[in-house]
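Below is one structure; the comments refer to it alone.
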Amino acid sequence: MREKSHKFDVFLPVMDETISLIRTIRIIENDCSKHISKYLIVVSKKLTTSDSKNVIKLLKKKYKKKILVIVQKEKFIGGALKSAIKNIKSSHFILMASDLETNPKDVKKLIKQSIRNPSKIITANRWLLKNSFFGYNIIKLLFNKIFQLFFSTLFFVKLSDLTFAFRVYPSNLIKKFNLKEMKHPILLETLLIPIKLEVQFIEISSKWRSRKEGKSNNTFIKNFLYVYTGFRIFFSQREMLIK
């Protein structure tokens, strides 16, 4: 695929982010504006704060047609992601957050690798370099590492960060996924399905920092739901994982 036809739609779910959302889009625009087709900003009609909605209006005025505001029809992060996928128009889709936990400065690295490898999934990895977690609960970090080791071994892949939702997908691929999860385990599901389908991956290093504004909706207890999702997909037939 030629670089000229290689365009990206960026998924940005918004609940209570304001300054973080502004900074995320500003950095991406400064670094790689020519590659970005749309920012798919997904909001909840009831739960997205009025402050966030006002910021989105300002962004819409500034970036005009590049901003597509989508009101999610289903609940939770899963509903937001599914709504975004239905609105993909570009050749590739960037999955990330709007709270700066996914570093927008690394988007240019993801894009560069994707242009070189258009049929592969490019995924960010927090474990490739030392000291890549800032503000991450130490107990949660230990469980994270155990989880990564167990499921990468189970699925027989070299990937060492299966739960960091900072990736680029070929759009025609992610549109085929038969996504079942509605809460945060959908972020694992979107990686394990292509692993099961034997899609090729490329990893880049990235650092994680805890959000500075707003409240995380992914509590420690909820992380145990990822285990169920991992086993469900492992024991699923391949034809059950695609539409």
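The values are calculated or read from the model by the stated rules, or taken from the named source; none is laboratory data. Everything quoted here is computed from the prediction, not taken from an experiment. A quick note on method: Cβ atoms are made from the backbone with ideal geometry, for glycine too, and the neighbour counts reach across all protein chains shown. Only protein heavy atoms, including side chains, enter the accessible area calculation; ligands, DNA and RNA are left aside. Shrake-Rupley method; radii C 1.70, N 1.55, O 1.52, S 1.80 Å.
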Place a +1 charge on the Cβ of each Lys and Arg in region 109-159 and a -1 charge on the Cβ of each Asp and Glu, then give the dipole magnitude about the Cα centre in debye, rounded to the nearest 20. 200 debye
All other residues with a Cβ under 12 Å from the Cβ of SER44 taken together, and with Lys, Arg as +1 and Asp, Glu as -1, what is their net charge? +3
DSSP-defined beta bridges in the chain - what % are antiparallel, rounded to 5: 25 percent
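Per residue, how much accessible surface does region 90-166 expose to a 1.4 Å probe? Answer in Å², no decimals.
47 Å²
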Give me the Kirkwood hydrodynamic radius of region 45-105 in Å, from all C-alpha pairs, to one decimal place? 13.2 Å
Residue-normalised 222 nm signal for the chain, counting each DSSP H run of n ≥ 4 as -39,500 (n - 2.57), nearest 500 deg cm²/dmol, is -11500 deg cm²/dmol
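Which value, to two decimals, describes the C-alpha radius of gyration of region 130-243 once divided by 2.2 N^0.38 Å?
Relative to the rule-of-thumb radius for its length, region 130-243 sits at 1.08.
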Return the aspartates and glutamates within reach of LYS86: Cα separation strictly under 15 angstrom, same-chain partners fewer than 8 residues apart disregarded; answer none if there are no such residues. ASP9, GLU74
May I ask you to list the residues of region 61-96 whose amide nitrogen lies under 16 Å from a point 7 Å from Cα along the Cα→beta-carbon direction of LEU128? 95
State the percentage of accessible surface on the chain attributable to carbon and sulfur atoms; use a 1.4 Å probe and exclude ligands, DNA and RNA. 57 percent
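List the relative contact order of the chain as a percent without decimals, with contacts defined as Cα pairs under 8 Å and 6+ residues apart. Walk me through the numbers on the way to the answer.
On the way: 398 pairs, mean separation 58.8, N = 243.
Taking the mean separation of contacting Cα pairs over the length of the chain, I get 24 percent.
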In whole Å, how far is the Cα centre of region 131-159 from that of region 55-87? 30 Å
Sorted largest first, extent of the chain alpha carbons per principal axis (Å): 48, 41, 36
